[in-house]
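*Asks:* Handing you a structure now.
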Amino acid sequence: MSGYDASAVGRVVVGVSGSLGSVTALRRAGALARRLGAELWPVLVWEPPGGDPATRRSAAAAVPDDEWQRLAGGRLIAVLEEIFGDRGPGVPIHALVVRGTPGRALVAIADREDDLLVVGAGRRGLQRAFGGRVRRHCLAHAGCPVLAVPPSPLESQLLTVHRRNAWHLPMDTRGL
């Protein structure tokens, strides 16, 4: 981003799913928006379980789209309240709930030169090879700068605890 004027950012668009990675990205996006005096645009993108083709063939088709939209909106509101509380992020906020695929939708929303798109960098280790499609799509197709926020150290600690529990291994709780 050499030669990029960060003070010219008008909107900070951030993908939010509720995962630890997206929550870390949302926190960073909020701090950036405050520092730059930009608007914060948290975006939750949803698809019916299994995607559109599966919806036509399954019981999920019985649930109307407006119900899925309402559930997604409730999830976004819950995440925003959890992160920013009642006082909000301290900048103008324009929360969006969009039906579609996350990478494409985020790139379509962050369509201005003065936008900054913030996404979670995904997982570490072997899981990274099988994930990260949204991040890779945004990095490859966005017409604005993209900030990929690394996972929180807490995420790797939680994964370690989860793995030890799954394998019924003893845990050292002295550091807790």
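The values are calculated or read from the model by the stated rules, or taken from the named source; none is laboratory data. What you are looking at is a predicted structure, and each value in this text was computed from that prediction instead of being measured. Note: ideal-geometry Cβ built from the backbone for every residue, glycine included; neighbour counts use all protein chains shown. We work out accessible area using only protein heavy atoms, side chains counted, and drop any ligands, DNA or RNA first. Shrake-Rupley method; radii C 1.70, N 1.55, O 1.52, S 1.80 Å.
*Asks:* Being free of Cβ contacts under 8 Å to residues at least 60 places away in the same chain and either in a strand (DSSP E or B) or open to solvent by 40 Å² or more (accessible area, probe 1.4 Å) (or both) is the filter here; which residues of the range 95-104 pass it?
*Replies:* ALA95, LEU96, VAL97, VAL98, ARG99, THR101, ARG104 - these are the residues of the range 95-104 that are free of Cβ contacts under 8 Å to residues at least 60 places away in the same chain and either in a strand (DSSP E or B) or open to solvent by 40 Å² or more (accessible area, probe 1.4 Å) (or both).
*Asks:* So is ARG136 closer than 30 Å to ASP111 by Cβ, part of a helix (DSSP H, G or I) and open to solvent by 100 Å² or more (accessible area, probe 1.4 Å) or not?
*Replies:* So ARG136 passes the test.
*Asks:* Does any residue in the range 157-173 that is farther than 25 Å from GLY21 by Cβ come within less than 8 Å, Cβ to Cβ, of a residue that is among the basic types (Lys, Arg) and surrounded by 11 or more Cβ atoms within 10 Å (Cβ to Cβ) six or more places away or on a different chain, and which pairs are these?
*Replies:* If the second residue must be among the basic types (Lys, Arg) and surrounded by 11 or more Cβ atoms within 10 Å (Cβ to Cβ), the pairs left are PRO170/ARG164.
*Asks:* Can you tell me which of (1) of a type outside the set (Asp, Glu); (2) closer than 21 Å to GLY21 by Cβ; (3) at pLDDT below 95 is the one TRP68 doesn't meet?
*Replies:* The single condition TRP68 does not satisfy is (2).
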